[in-house]
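Report on one structure; see the data block that follows.
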Amino acid sequence: MLEQLIEYDKDLFLFLNNLGTETWDGLWLVITNKLSSIPLYVLLLLFIYKKLGWKALVLAVFVVAGMIAFTDQMTNLFKHTFQRPRPCRAEGVMDLARFIAPRCGSYGFFSGHASNSMSTAIFAGLLLRPYFKNLIYLLLVWSVVVAYSRIYVGVHYPLDLICGMTFGALSGLMFYKLYHFFLKKYFIQ
């Protein structure tokens with residue numbers, strides 16, 4: 001059963017990855033670059049400041065820093081525990097895939113890009129939902145696009161992304177609740 005699922009995962013990866021063309025490679029390389037999301041993060045921080053104030057912004061910065069550290073460390077733990085080679089290193093896959101990423105790490109299960117972007121989308125989307133009702137949907141789309149970019153550039157399988165996004169969503173929700181706990185305990189008297 002597991003072997004069949006992994007085979008489907010490889011087949012779906014190859015199908016999606018080979019949809020790419022040189023015309024779009026530059027765009028997807030920009031999307032997959034972590035620095036490309038900085039303007040979005042700055043905008044979200046500005047929204048938090050404008051709607052919730054300085055104290056809430058400072059708390060959000062600390063909670064988000066903890067959330068990203070948590071998702072990064074858990075991603076690394078999973079990668080080194082499962083040791084699933086990335087498609088750009090896997091026998092029988094790497095010769096059939098389009099690999100355009102600047103580098104190819106060793107292990108890919110699960111995706112740090114997917115978990116970090118999804119945790120940010122859930123945390124910020126929930127935090128700002130009273131003020132921007134549809135923002136969470138835009139952030140979820142952004143997260144899925146970032147995740148898909150990892151297939152496009154050839155470094156993650158679809159299951160890496162699905163598991164990363166799931167873990168990220170749960171982490172975003174957990175840290176959103178943690179944010180409110182700290183807000184009530186230390187900032188709202």
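The values are calculated or read from the model by the stated rules, or taken from the named source; none is laboratory data. In this text the structure is predicted, and so the values were computed from the model without any measurement. Cβ atoms come from the backbone with ideal geometry, glycine included; neighbour counts cover every protein chain shown. What goes into the accessible areas is simple: the full protein's heavy atoms, side chains included, and nothing from ligands, DNA or RNA. Shrake-Rupley method; radii C 1.70, N 1.55, O 1.52, S 1.80 Å.
Take the residues of region 149-162 that are in contact (Cβ under 8 Å) with a residue 60 or more places away in the chain and in a helix (DSSP H, G or I): which is surrounded by the most Cβ atoms within 10 Å (Cβ to Cβ)?
Per the criteria, the residue is ASP160.
Among the residues in region 89-104, are any assigned to a helix (DSSP H, G or I), farther than 16 Å from LEU29 by Cα and either open to solvent by 50 Å² or more (accessible area, probe 1.4 Å) or not charged (D, E, K, R) (or both)?
No, the conditions are met nowhere in region 89-104.
Does region 25-56 hold any residues that are open to solvent by less than 70 Å² (accessible area, probe 1.4 Å) and more than 20 Å from MET118 (Cα to Cα), and which are they?
Listed by number, the residues that qualify are ASP25, GLY26, LEU52, GLY53, ALA56.
Just to check your reading of the model, which residue among LYS34, LYS50 is among the basic types (Lys, Arg) and free of Cβ contacts under 8 Å to residues at least 24 places away in the same chain?
LYS50
With (1) touching a His at 6+ places or on another chain (Cβ under 6 Å); (2) surrounded by fewer than 20 Cβ atoms within 10 Å (Cβ to Cβ) as the list, and SER111 as the residue in question, which single condition is left unmet?
In the conditions (1) touching a His at 6+ places or on another chain (Cβ under 6 Å); (2) surrounded by fewer than 20 Cβ atoms within 10 Å (Cβ to Cβ), SER111 misses (2) alone.
Consider ASN18 against the criteria (1) open to solvent by 50 Å² or more (accessible area, probe 1.4 Å); (2) closer than 29 Å to TYR137 by Cβ: it satisfies all of them except one. Which criterion is unmet?
Looking at each condition in turn, ASN18 falls short on (2).
Just checking, which of TRP24, TRP28, TRP54 is farther than 19 Å from TRP142 by Cα and aromatic (Phe, Trp, Tyr)?
On the way: TRP24 fails: farther than 19 Å from TRP142 by Cα; TRP28 fails: farther than 19 Å from TRP142 by Cα.
On inspection, the qualifying residue turns out to be TRP54.
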